[in-house]
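Take a look at the structure below.
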Amino acid sequence: MISFSNKVALITGGGRGIGRVTALLFSQLGASVVILELLEREGKETLKQIESNGGRGIFIKTDVSNIESVRKAIAITLEKYGKIDILVNNAGIVYTKPFVECTPEEWERVIAVNLMGVFNTCLEVFPHMIKQKSGKIVNVASIAGKRGGGIFGNAIYSASKGGVIAFTKALAREGGPHGINVNAVCPGPTETKMLSGLPNDKRKALIENIPLRQFGKPENVAHAIIFLSSEMANHITGEIMDVDGGLTMD
């Protein structure tokens, strides 16, 4: 059985969706959970659920696109727990407008959250994991980063997630000699806010292209994150794991 007893797991975007489910699972498996979330109400609600189930953790309001905000959050975490064993970079925003309607400001915002956010947290956490000679980093990318978007996001979103995939592989090479595993998960269509407004005809057409004939659930992605963060994945690094019901299989 997977156990994270005596482990500290930090999850960005832990206030809702995949991030909340992941945070709750880590707590149930014994970890002390640090929730980094810009949305204060949602972040506090996740912490409340963790504590009501007998778990331990803290919530820190954080803008992952702002290095000073991230630096402060990591400092608070290290002051309380003295270490970070697991970093899950889940925070992100979806953007689906056609490229010709995009603005430079929108590009900067999506890249700032989806790609720079991953850079910022890794920049602050990676040196501590090197000192520990251990650590697990799991980045949440997207199959849009492989396919170039479509229903899963436009050119900007795809570029940000494609950057996360490349960054994951590169960081895995650097982290390997220090006992740090760096992997990513690529969710396909998942029952979160992104799909909630999709018309029924489009939902049906999309499902028919998924071999398992169903959309994913946040739990499906969270389980993959849990596995890659556990000792069961000690010899896995640089892996980009699709969690998409077989939609993008080769």
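Here is how the numbers come out for the structure above:
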| read-out | value |
| --- | --- |
| In Hz, Karplus ³J(HN,Hα) per residue of the stretch 87-96 (6.51, -1.76, 1.60; θ = phi - 60°; x = Gly, Pro) | 10, 10, 8, 9, 4, x, 10, 9, 9, 10 |
| Surrounding net charge for residue 34, when Lys and Arg each add one and Asp and Glu each subtract one, Cβ distance under 13 Å | +2 |
| Qualifying lysines (Cα of each under 30 Å from Cα of residue 136; at least 8 residues distant if same chain) | 7, 44, 48, 61, 72, 80, 83, 146, 161, 169, 193, 217 |
| Debye intensity ratio I(q)/I(0), log10, the chain, q values 0.13 Å⁻¹ (C-alpha model) | -0.76 |
| Accessible area of the stretch 82-199 divided out per residue, in Å², using a probe of 1.4 angstrom | 42 Å² |
| With Cα atoms, 0 to 90° folded angle of helix 104-114 axis to the chain main axis | 50 degrees |
| Per-q log10 I(q)/I(0), the stretch 4-62, q = 0.13, 0.14 Å⁻¹ (Debye; single scatterer per alpha-carbon; no solvent) | -0.23, -0.27 |
| Value in Å of the Kirkwood radius, where the stretch 25-147 supplies the Cα pairs that are averaged | 15.7 Å |
| Cβ charges +1 (Lys, Arg) and -1 (Asp, Glu), total dipole of the stretch 26-81, debye | 140 debye |
| Placed amide H near residue 148: partners under 5 Å, 5+ positions off or other chain | none |
| Helix axis angle, 17-28 relative to the chain longest principal axis, alpha carbon, degrees | 30 degrees |
| Whole-percent carbon and sulfur share, accessible surface of the chain, 1.4 Å | 54 percent |
| Electrostatic dipole magnitude of the chain [Cβ: Lys, Arg +1; Asp, Glu -1; Cα centre; debye, to 20] | 320 debye |
| Net length gained if the chain between residue 51 and residue 248 were fully extended (0.36 nm per residue, minus Cα distance) | 67.1 nm |
| Cα-based helix-to-principal-axis angle, 40-52 vs the chain, degrees rounded to 10 | 60 degrees |
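The values are calculated or read from the model by the stated rules, or taken from the named source; none is laboratory data. On a predicted model such as this, the values are computed, not experimentally measured, just so you know. Every residue, glycine among them, receives a Cβ derived from its backbone with ideal geometry; neighbour counts consider all protein chains shown. Calculation scope for accessible area: heavy atoms of the full protein, side chains included, ligands and nucleic acids excluded. Shrake-Rupley method; radii C 1.70, N 1.55, O 1.52, S 1.80 Å.
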